[in-house]
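Student: Handing you this structure, nothing more for now.
What follows draws every value from the coordinates through simple rules; no lab data is involved. Values in this document were obtained by computation on a predicted structure and should not be read as measured data. Cβ: placed from backbone, ideal geometry, glycine included. Neighbour counts: every protein chain shown.
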Amino acid sequence: MIFSWLHVAIILFLGAGVLFAGVPLLASLLLAPKCKDEELLLPYECGLRPYGTSWVRFGINYYFYALLFLAFDVDVLYLYPVAVYYPFSEGFLPLIEIFLFVFILGLAVIYFFKKGVFSWPRRIKV
Amino acid sequence: MIDLSTIPSPLVQIVIGLIGVLAFVGLNGLVCVYLERKVAGHIQRRPGPFEVGPHGILQPLADAVKLVAKQMITPKGADPILYWAAPLISFAPAIACFLPLPFGPKLQNVSINVGLILILAFSSLNVLALCLAGWSSQNKWSLLGAARDIAQSVAYEIPLLLSLLPIILLTGSLNLAEITQTQGPWPWQWLVVKQPLAFIIFFVCVFAETNRAPFDLPEAESELTAGFHTEYSGMGFGLFFLAEYSYMVVGCALASILFLGGYQGPVASGWWWFLLKVYALLLVMMWVRWTYPRVRFDQLLNLAWKWFIPLSLLNILITALVVKL
Amino acid sequence: MDKIGLGVFLAHVLIIVAGGLVTVFARSLVRALTGLIATLFGVAGLYFLMAAPFIGVMQVLIYVGAVSILIFFAIAFTKSSHLGEEARPRKQSQWFFLLSVPGLVIFSLGYLLIKFIPQGFLQPQETQVKDLGGFFLGPYMLPFELISLVLLVAMMGAVILGFEKKIKRED
């Protein structure tokens, strides 16, 4: 096990962040008035009583965008260590490799174009 | 300012740095609120806040006191644990983002070899907090705001990551202090000269990731009341606000380190140059907010997927070619 | 430093186990997701303990930042509310499956690990990011290129499944 100072620092900073955010909340709990009323606690919805629950189902499109994002994200993140090494590499082989990798990424974008992923419907049909 | 590297124990060094960062974040919140209101005022040809203190300079403090003194309401039917955890989850990573930033030549908490990715990782947690906030408040506006926020962050995260790759291809480092040192003190030695396209894409993505106008669709007042934080009152709202300003500063700091030479300046390099650049970029962000109208949702996504991603992919290829030639 | 390291390790394990328990036992699916996020975060900390900060940060970026969003959307288009199927109290048989299968896995794995513990653990050494990149461009060239191909196919699959129908419906 290696316990680095970086790790200490990250834990300390996150903890301090929670504390820094938590203290005003606690202060507010002590200082603020405490009204209790049925109407006060209603979620806001145009001034009327809320109609039904808000935990509704989303369209599946959101899920697909998240899926595309995830795949793209992983792809791009593989490029990071490669990019760090790239200026120190020798010869033209690394250039060809990066070119291929980015070209395949570009193919994905072209494919989305062709399939109409980026054409947003003018009217959403239910 | 003290020279952090002369302090013997790393722990003391980290704690001092931490206190400095906390003070900076708190102060920055106050300064940004004041600046934003003054800039908004003067752009609209009115003086802005003027009553509390000379030229309204104590207005942010009064605002803070007001926020603390407001009742915190958990709406009926909401998920109380997640509802109150969300502002904390939004704010805490913002502090961790300050860890690898070199404020000055010897003013860095811990020199981290993966500093750049650390910032990207922790700033991506904000989306999660916003979607928990939107989902747990049992409010339809909040949920819609959260859904929009995720779609937006998801679309702009990719060009953000892609636009930073040319910088790494040129410098060969993820350590922010090293990237600063590869640039010189004079403006023509900064990386923005070599990578103007990457700078523009990165800066626009920072707007989108921090939900600033013209990309403030997740909290669009005219359509969604207040978006994901509709139900938050008092300090709950205040924390989201503070987190937003902190992420803005982190974004601008990253832009000035990667593209504008960080703490280096033509005369007397030091932390003052760094702060000058950061606040200049922040002023640009505020200027843009009060100048451009909000974009439509399809325009927002088109800009990311149809323009920024192909352009930044091309930029990577050209940079890779130039580095080898 | 070693004792502190052990303490931190135990703290991380606590976060991971607590997150896992929340994931399994929470009534609301979004709370379960939060538990899962805590678990993934704890795992990122373990990577730091293994002297692999780059992998730890990547864990935060990909799993906590991206995969959990995917899961959130997956939850948000199911009937996941507190009135849904998940919120009902569990039956006896469900408890039995819940405890028996993971319990069996944990005990058999733990037994094997303790029985056949490998001798002579090496102290982990940090691999520089630059060296990682060198591996990708050098000896592991083919896997590196295949990654992009595999992910391209994955994205195409998502598009074919999700968007074909949408376009037809509009016509």
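Student: Note down the net charge around residue B:251, summing +1 for each Lys or Arg and -1 for each Asp or Glu among other residues with Cβ under 15 Å from its Cβ.
Tutor: Its environment carries a net charge of -1.
Student: Here is a follow-up. Which distance in nm do the two modelled labels at residue C:146 and residue B:52 give, with both placed 7 Å along the Cα-to-Cβ direction?
Tutor: 6.2
Student: Taking θ as phi - 60°, what are the ³J(HN,Hα) couplings along segment C:46-57 by the Karplus curve (6.51, -1.76, 1.60), each to the nearest whole Hz, with x for Gly and Pro?
Tutor: Karplus-based 3J(HN,Hα) across segment C:46-57 equals 5, 4, 4, 5, 8, 6, 10, x, 4, 5, x, 5 Hz.
Student: Something else now. Based on DSSP H runs of at least 4 residues, each adding -39500 (n - 2.57), what is the mean residue ellipticity at 222 nm of chain B after dividing by all its residues, to the nearest 500 deg cm²/dmol?
Tutor: So the calculated ellipticity at 222 nm is -21000 deg cm²/dmol.
Student: Cross-link list A:36/B:66; B:194/B:324; A:115/B:324: which exceed 25 angstrom alpha carbon to alpha carbon?
Tutor: Exceeds cut-off: A:115/B:324.
Student: Just the number, please: Stokes-Einstein D of segment A:60-115 in µm²/s, Kirkwood Rh from C-alpha pairs, 10 °C, 1.306 mPa s.
Tutor: 124
Student: Residue B:270's amide H: which non-local residues (gap 5+, or another chain) put their own amide H closer than 5 Å, with H modeled 1.01 Å from N in plane and none for Pro or chain starts?
Tutor: For residue B:270, whose amide H was placed from the backbone, the distant partners under 5 Å are B:265.
Student: FRET efficiency for residue B:188 and residue B:27, Cβ-Cβ distance as r, R0 = 25 Å, nearest 0.05?
Tutor: E(calc), rounded to 0.05, equals 0.15.
Student: Specify the inter-centroid distance of segment B:42-114 and segment A:38-117, based on alpha-carbon positions, in whole Å.
Tutor: 28
Student: Right, something else. Neighbour counts of other C-beta atoms within 10 Å: give me B:45, B:296 arranged from fewest to most.
Tutor: Listed from fewest to most nearby Cβ atoms, that is B:45, B:296.
Student: Could you tally the net charge around residue C:145, taking each other residue with its Cβ under 15 Å from the Cβ of residue C:145, Lys/Arg +1 and Asp/Glu -1?
Tutor: With Lys, Arg at +1 and Asp, Glu at -1, the net is -2.
Student: Hey, another quick one. Can you tell which of B:119, B:257, B:43 shows the greatest fluctuation in a Gaussian network model of chain B with Cα springs below 10 Å?
Tutor: B:43
Student: Now for a different question. Could you check which residue among B:57, B:201, B:309 shows the biggest mean-square fluctuation in a GNM of chain B with a 10 Å Cα cutoff?
Tutor: B:57
Student: Give the order of B:229, B:42 when sorted by the count of other beta carbons within 10 angstrom, beginning with the fewest.
Tutor: The fewest-first ordering by Cβ neighbours comes to B:42, B:229.
Student: Here's a follow-up. For the protein assembly as shown, state the average projected area of the convex hull of the C-alpha atoms over all orientations, rounded to one decimal in nm².
Tutor: Computed as one quarter of the Cα hull surface, the answer is 31.9 nm².
Student: Taking H placed 1.01 Å from N in the peptide plane, check which residues at least 5 places from residue B:233 or on another chain put their amide H under 5 Å from its amide H.
Tutor: B:73
Student: Name the shape class, rounded, prolate or oblate, that the alpha-carbon gyration tensor gives for segment B:73-324, where a ≥ b ≥ c are the square roots of its eigenvalues, rounded holds for a/c under 1.5, and otherwise prolate holds if a/b is larger than b/c and oblate otherwise.
Tutor: prolate
Student: Through the Karplus equation 6.51 cos²θ - 1.76 cosθ + 1.60, θ set to phi - 60°, convert the phi angles of segment A:32-46 into ³J(HN,Hα) values in whole Hz; use x for Gly and Pro.
Tutor: Residue by residue, segment A:32-46 yields 6, x, 10, 7, 10, 7, 4, 5, 4, 8, 5, x, 6, 8, 6 Hz.
Student: Would you list B:90, C:28, C:93 from fewest to most Cβ contacts within 10 Å?
Tutor: The fewest-first ordering by Cβ neighbours comes to C:93, C:28, B:90.
Student: Tell me the net charge near residue B:183. Cut-off is 13 Å between Cβ atoms, residue B:183 excluded, with +1 for each Lys or Arg and -1 for each Asp or Glu.
Tutor: My count for the surroundings of residue B:183 gives +1.
Student: What are the ³J(HN,Hα) couplings of segment B:118-133, residue after residue, when phi is run through the Karplus curve with 6.51, -1.76, 1.60 and θ = phi - 60°? Round to Hz, x for glycine and proline.
Tutor: So the J values, rounded to whole Hz, are 4, 5, 4, 5, 6, 6, 6, 6, 4, 4, 4, 4, 5, 6, 5, 4.
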